[in-house]
Each structure stands twice: as C-alpha cells, then as structure tokens.
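One structure is given below, encoded as structure tokens.
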Amino acid sequence: MDTTAKGNALERSFYQYLLDQKGNDDLVFGLYPAALCEIRHKPKDPSRETPRDIEFDVAIELRRDGATEPHLIVIFECKNYAGNVPEPEITDFSDKLTRIGRRRTKGVVVVSSKLQSGAQDLARSRGIGIAKFDENGLEMIAERRGGLMNDNQFIRNLVFQNHTRSKPLKFSALFDGSYFDSLQTLLTALNGDGVSPLSDSNASIPFVSDEILARQAHSLLSEIAYKSGPVDLEAICSALSIHVDWREEECQASC
C-alpha cells in the first residue's frame, strides 16, 4: 500500500470513528456534544490568499442551537506513516490552516505512529493538537491550551520520537508535601515508619484537566465494553496490562 492509500485508509477509519461516536450520542472526539456536531469528510474551505478552496481530511463543525454558521471548526489532517512523521508535514498543515484563517478553527494532526522532534516542536509553537489513532481507537491526545499543548511527559514519550526509555506511571500520590511512587511506601509513611518518598526532590505530577481525565476514563470504559453498574476493576487492570495480586492483609493507616 503506497503512502497516499495508507493516508486515505487512516482518514476513512478516523472519520467513521467520529461518525460512530455521534451515532451513539457519545461526546465526539471525547469533547463535543453529538447533537451540536456535523462531521465532514474531505471538507473544502475558502482560502484567504488564493481563489481555490483548500481541502482537508476530516472536520467537526460545532453549531449552537439554532445557529446556521459553526462557531468552532476542528480540522483533522491524517498522517499514516510507518516511521516518524517529519516536520514538513506539520508545516504544510499549519500553512493550510493559516490560509483559511484561525479565528474559529482548531487544527489537530492525527498520526498512527510518532512525530519527529522537529515536528513536535513546530506543533507546540503553532498550537496544533496531536491525536494518536489506530485500529483500537483514540489512544492519547496532546492538545493545545492557550496556544500550548499539555506539558505531560508520559504522553509525550508515547506520541513523540524519543531516544530515551521511560517508565510508565503506574502509581503516584501526594501526602504531606511529598510524592510517593508506590502504594507500599505511601502506607508506610502514613504509619509513621520513616520510609522516604521519591528520592528526586524535584519530582512533580503534571496537571491533567478534568476534560482529559473524563475522556481517558470514557475510552477505558469503552475498551472493556462497560454498560452500567459497578465497574469491573479486574477488566480495567487487564486492559492496562496491570497484574493484580490479591492478598489477605490488615492495614492500618493514620494521618
């Protein structure tokens, strides 16, 4: 399959993914009420610089109740690369967005792999969101906030090209001004046994907005086919590749 065919396959799959969310009355792209969204494939928007319209891959148009014109257009450009997406692809997408005007538009590049470091830096500086999408659906997002994307190191390591290995964040807690990287050390500290928390005094937990938390929770519940009632925590752990070890122990903690 050539590059164009691969890109078309990704955009069709992503377009159908958004349509399914709208059809199920879910939040489209995990953010937007389905009733207010119109999802378009291969939309064309007028250029401010040339007489020809500019074509994009997929777009979500949001309209307030009763409005004829969208108050926000989220434009997606799909890049299906076997390797890392290079910087010129982000440059081209950014230039296309500029030519139609950015007053009510938000650009998001959809990738199936990772971005080269130069592409990452350019997306950050130009306020372009990044979404990773594959056959399992939308896995993670790095989106702009006030012109900048969320500064989340864990997500960056998964989406952007990085030559260093990172440890997934399985557990973190803040107690009495100190951060802990395991439940055992936290409980020990709560019992007053003097075990030190994280050795790195500069360790911090990045801020994650309520929107992102809700979107991630919804994605995870969808992955385990949750319908209603109590959540199957064993299924959640299995989806996250977390080993569960059951033990009968009595724990006492005070703070």
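The values are calculated or read from the model by the stated rules, or taken from the named source; none is laboratory data. Keep in mind that what you see is a predicted model, and the values were worked out from it rather than measured. So basically every Cβ, Gly included, is an ideal-geometry build from the backbone, and we count neighbours across all protein chains shown. These accessible areas exclude ligands, DNA and RNA; they are computed on the full protein's heavy atoms, side chains included. Shrake-Rupley method; radii C 1.70, N 1.55, O 1.52, S 1.80 Å.
Points to keep in mind about this one:
- Test: residue in region 35-57 that is exposed (fewer than 15 other Cβ atoms within 10 Å of the Cβ), touching a His at 6+ places or on another chain (Cβ under 9 Å) and at pLDDT below 90: no
- Looking across Lys114, Lys96, one residue alone is farther than 24 Å from Leu27 by Cα, touching a strand residue (DSSP E or B) at 6+ places or on another chain (Cβ under 7 Å) and open to solvent by 30 Å² or more (accessible area, probe 1.4 Å). It is Lys114.
- Looking across region 27-38, the residues that are within 19 Å of the chain's Cα centre (by Cα) and of a type outside the set (Phe, Trp, Tyr) come down to Leu27, Val28, Gly30, Leu31, Pro33, Ala34.
- Residues that are within 16 Å of the chain's Cα centre (by Cα) number at least 3 in the following strands (runs of 3 or more DSSP E) confined to region 49-147: 72-79, 105-111, 129-134, 137-142.
- Annotation: of all residues in region 222-250 being in a loop (DSSP other than H, G, I, E, B), hydroxyl-bearing (Ser, Thr, Tyr) and under 22 Å from Leu138 (Cβ atoms), the one that is modelled with the highest pLDDT is Tyr226.
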